[in-house]
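Asks: First the structure, then my questions, so here it is.
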Amino acid sequence: MLLNKNFLIKLSVILAFLFLLSKVQIVSADSRPDWAAEQYSKISEINLKPGETTKIKVGFYNRGAYNWRNTGKNYVSLYTYNPKYHASKLAAESWMSSSHIVKLKDSLAGPNSKGYFEFEIKAPSKTGTYTETFALAAENKAWVQNGQFTITVKVSNSAEVDEKGNIEAETEENAFLNPPKIEMEKVDYAAMKLSLVKPLKLNFGEDQIISLLFLNQGKQDWASRSIVLNNVSLAGVNTNASFANYSWLETNKVIENSDSLVKKGQTEIYTIPLTAPEQAGIFTLHFSLLVDGQKIEGGNFDLPVTVIDPNPITETAATTLIDDPRVRIGLFTTEEPMEFISTFDYSLQNNKNLELTKIVPGTKVYLSYNETNKQYVASWGEQKIISENPLRLAPLDTNAYFTLSNHELLARWGNNVNYNEFRDTLEIRWAEKTGYTWLINELDMENYLKGMAEESDSSPKEFLKAMAVAERSYAYYYLKNPGKHIAGGFDLDADYDQVYRGYVREKISPNAVAAVDETWGTVATYNGLPVDTPYFARSNGKTKSAKIVWGADKPWLQPVATPYDKGMTQWGHGVGISARDALYRAKNGANWDDILKYYYTGIELQRMY
C-alpha cells in the first residue's frame, strides 16, 4: 500500500524538527549562577602624591540568585586578586587587613539590585605606576562571578629624593599602613588573619563566641595550634579582669588542636568563647595564635570589648502594663537620595521632633545625607531644607504609610510584589561610627509585627499565633535591653534580626495580622522577666541549647525533641522553635501557648501592654 506523498513530506519535517530539538540545550529561565555581578561604575586612573589617601566608590549589580549582605557567615566583601589574598601596596589603615579591603556598604543588595563598595587607598612613598586588582567574594562560599576590577594609581611629584636618587625610606608608621607582602615558602611560620575582629559590647557575665579564620602563609605545615590570651588592658593599662569562659583549657589558654595538619596555603577557623567580668569598662584582649607552642608572624590579634552594667528590669516594671511601645527598625543603608510619597497629611521634622514644615499629600519628597558637608537635605519641587540633624517624615496618623518610589525589594515568590511601603515615621540617619546612611522606620510594636515576613500566611492559625508571640518577645527583649544596634541609631535590623517587610506584607497577610491582634501585647517571660526567643527553620530531630550554640546558659533555651523533623537536615542555628516541627504540631491540634511552652522551657506568657 503506497503512502500519500503529502503525508511523507509532513513526516519528514516532523522528524527533522525533533532531531534539531534534541540538539538544543534547554536552559532554565532561572539558571543564573548563585553569585554573580555586573560592574556599572567605572574608575579612571588615579593620581596621588606619595603617602596621600583617597576614597574610592565602586558599584555592582547583583546578577546572582542569592542576596548580598554585609553581615553573616556569607557576607560579601572585596579581596585582593591576581594573586588571591596578596598584601597590597595600596592598603590603607581602614582596610580589614592588607589583603581584605571592605565589606558591602549596603546591608542588603538583592538580585538585580545595586550594591556599593567604598574604601580608601593610600599611595606608597615610592613614585611610579601601581596596578591593583580586586574581586568580590561571598565569605566561606565563592568568588563572585564577573566581580573583578582593576585600578591604576600614578604616584608622583612630592617624594623627597636623597643624593643617590632613592625615594625616602618609609617611616615605621607608613610600613604599618602598607605592610610588606609575606611570600609563600619564604617564611617558615607565618599567618594571615582573614576575618574582621569587630568590637563587642557585653553585659556583666554575658557569654559571647567569636570565630576567626587564619591562613597558613609559611612554608611549614602547622601541627599543634592553640589560641592564648596574653593579657587584658583597661584604658591602656594591664588589668586582672578575667574573660575566661568555663570551656577554656587554662586561665589563659582558650583552645588547642593537633588532630590534623594545617598545610601551607590552607585555612583554619578558631572559635573563642568569652564570659564578661563583673566590671564595667572598655577593655582590649590581646590574643596570639601559637604553632607548636611558639608565636608566629601575623598570629597576634586584639579584641576590643566594652562591658556595661545591664541594669536589669525589675519584676515590678515587667508586670506593669504600658502603652504599645515604639520600636525603631533599620530598613537598609543607602547612598542615594530616597524618594517618598504619601496620600496622608504629614510633616517634615528633625530628630528632636521639631516640625520644620508641613507637606501637602501627594508631594514627592527626597531625603539624603551629604557626607562631605555633613548635612541632611530634604527637597521637593523648588524647595529645600538643610539640617545638621537627622530628618524625619512623620504622619499625623500613625497608621498612615509612605511609598518609597525609587526602592525595589521584590518578593522571592513573585516579582509583582515590591516591598516599598512602610507605616508611620521614616527617618534618614548617618551612623558616624559605622559609616552608613540608614533609613529607619519608627512605628508601634504591633504594626511592626504585622509587617513580618517570617512565615507563610497560609500556615495553621495556632502556628501563626505562636510565631507572633515569639517574634514579639524577641523584639520586646531587645527593646528593653538595648545596645545591639546602638551605633546605627535603631533597635532591630529588618533583615538580620527578624525579616520585616512593612505595609505591603501586612496587606497580603490577613491571617498573620489576625494572629498578631489575637495575641496583642503577649510576650514570653522567665522568672517574671522578658526573655529572648530565637527560632529557626527546622532541626534534625532535636533542638539545641543556647549554651552549646552560643556559650550562654539560658534555662528557657534547652534542647527538646522535634519528632516531625526526624531524618531532616538542620536549617538554622537550632535554638528555640523549630518552625517545621511547630507547624506540624499546630496541624495536629496543638494550641499556640502549648507550642511556645514546649520549645521555651519553663516560660510564662504575660501581657505587657
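Asks: Could you pull out the residue among N157, N174 that is more than 23 Å from T284 (Cα to Cα) and either at pLDDT 50 or above or assigned to a strand (DSSP E or B) (or both)?
Replies: None of the others qualify; the one that does is N157.
Asks: Do we have any residue at all in the stretch 385-392 that's part of a loop (DSSP other than H, G, I, E, B) and modelled with pLDDT of 95 or more?
Replies: Initially, the stretch 385-392 is screened for residues part of a loop (DSSP other than H, G, I, E, B), giving 388-390.
Next cut, modelled with pLDDT of 95 or more only: 390.
There is at least one residue in the stretch 385-392 that is part of a loop (DSSP other than H, G, I, E, B) and modelled with pLDDT of 95 or more.
Asks: Looking only at the stretch 192-244, filter to residues that are within 20 Å of V102 (Cα to Cα) and among the small types (G, A, S); which one of those is modelled with the lowest pLDDT?
Replies: S195
Asks: Let me spell it out: the conditions are (1) more than 30 Å from G205 (Cβ to Cβ); (2) in contact (Cβ under 8 Å) with a residue 24 or more places away in the chain; (3) of a type outside the set (G, A, S); (4) surrounded by fewer than 22 Cβ atoms within 10 Å (Cβ to Cβ), and W592 meets all of them except one. Which number is the exception?
Replies: Failed condition: (4).
Asks: Quick check on the stretch 106-127. Is at least one of its residues exposed (fewer than 15 other Cβ atoms within 10 Å of the Cβ), out of contact with any His (no Cβ under 8 Å at 6 or more places or on another chain) and closer than 25 Å to E268 by Cα?
Replies: no
Asks: Could you list all residues from the stretch 393-408 that are crowded, with 20+ Cβ neighbours inside 10 Å and in a loop (DSSP other than H, G, I, E, B)?
Replies: Answer for the stretch 393-408, where residues must be crowded, with 20+ Cβ neighbours inside 10 Å and in a loop (DSSP other than H, G, I, E, B): just H407.
Asks: All but one of (1) over 29 Å from G205 (Cβ atoms); (2) buried (at least 19 other Cβ atoms within 10 Å of the Cβ); (3) at pLDDT below 95 hold for D581, so report the exception by its number.
Replies: Of everything listed in (1) over 29 Å from G205 (Cβ atoms); (2) buried (at least 19 other Cβ atoms within 10 Å of the Cβ); (3) at pLDDT below 95, D581 misses just condition (3).
Asks: Being closer than 23 Å to V549 by Cα, in a strand (DSSP E or B) and free of Cβ contacts under 8 Å to residues at least 40 places away in the same chain is true for just one of I255, I269. Which residue is that?
Replies: The conditions single out I255.
Asks: Quick one: is S368 of a type in the set (S, T, Y), within 25 Å of the chain's Cα centre (by Cα) and assigned to a strand (DSSP E or B)?
Replies: So S368 fits the description; yes.
Asks: Still on this structure, I have one more. Given the criterion part of a strand (DSSP E or B) and not hydroxyl-bearing (S, T, Y), identify the matching residue among K352, K358.
Replies: On the way: K352 fails: part of a strand (DSSP E or B).
Residue meeting the stated conditions: K358.
Asks: Just name the residue that is farthest from Q294 (Cα to Cα) out of those in the stretch 247-268 that are surrounded by fewer than 16 Cβ atoms within 10 Å (Cβ to Cβ) and within 29 Å of the chain's Cα centre (by Cα).
Replies: S247
Asks: Another question about this same structure. Does W571 meet the test of being buried (at least 16 other Cβ atoms within 10 Å of the Cβ), modelled with pLDDT under 95 and under 26 Å from the mean Cα position of the chain (by Cα)?
Replies: Criteria not met by W571.
Asks: Which condition number does K484 fail, the rest of (1) crowded, with 21+ Cβ neighbours inside 10 Å; (2) under 19 Å from the mean Cα position of the chain (by Cα); (3) not polar (S, T, N, Q) being met?
Replies: For K484, the exception is condition (1).
Asks: Which numbered condition trips up Y476, out of (1) buried (at least 24 other Cβ atoms within 10 Å of the Cβ); (2) at positive phi?
Replies: Going through (1) buried (at least 24 other Cβ atoms within 10 Å of the Cβ); (2) at positive phi one by one, Y476 breaks only (2).
Asks: Here is a follow-up. Within the stretch 523-557, track down each residue that is surrounded by fewer than 18 Cβ atoms within 10 Å (Cβ to Cβ), assigned to a loop (DSSP other than H, G, I, E, B) and over 23 Å from the mean Cα position of the chain (by Cα).
Replies: N527, G528, N540, G541, D553, P555 - these are the residues of the stretch 523-557 that are surrounded by fewer than 18 Cβ atoms within 10 Å (Cβ to Cβ), assigned to a loop (DSSP other than H, G, I, E, B) and over 23 Å from the mean Cα position of the chain (by Cα).
Asks: Please tell me if W520 is farther than 26 Å from G205 by Cβ and part of a loop (DSSP other than H, G, I, E, B).
Replies: It is true that W520 is farther than 26 Å from G205 by Cβ and part of a loop (DSSP other than H, G, I, E, B).
Asks: So which residues in the stretch 204-225 are closer than 30 Å to P310 by Cα and either assigned to a strand (DSSP E or B) or of a type in the set (G, A, S) (or both), if there are any at all?
Replies: Result: G205, D207, Q208, I209, I210, S211, L212.
The values are calculated or read from the model by the stated rules, or taken from the named source; none is laboratory data. Everything quoted here is computed from the prediction, not taken from an experiment. No Cβ is skipped: glycine too gets one built from the backbone with ideal geometry, and neighbour counts run over all protein chains shown.
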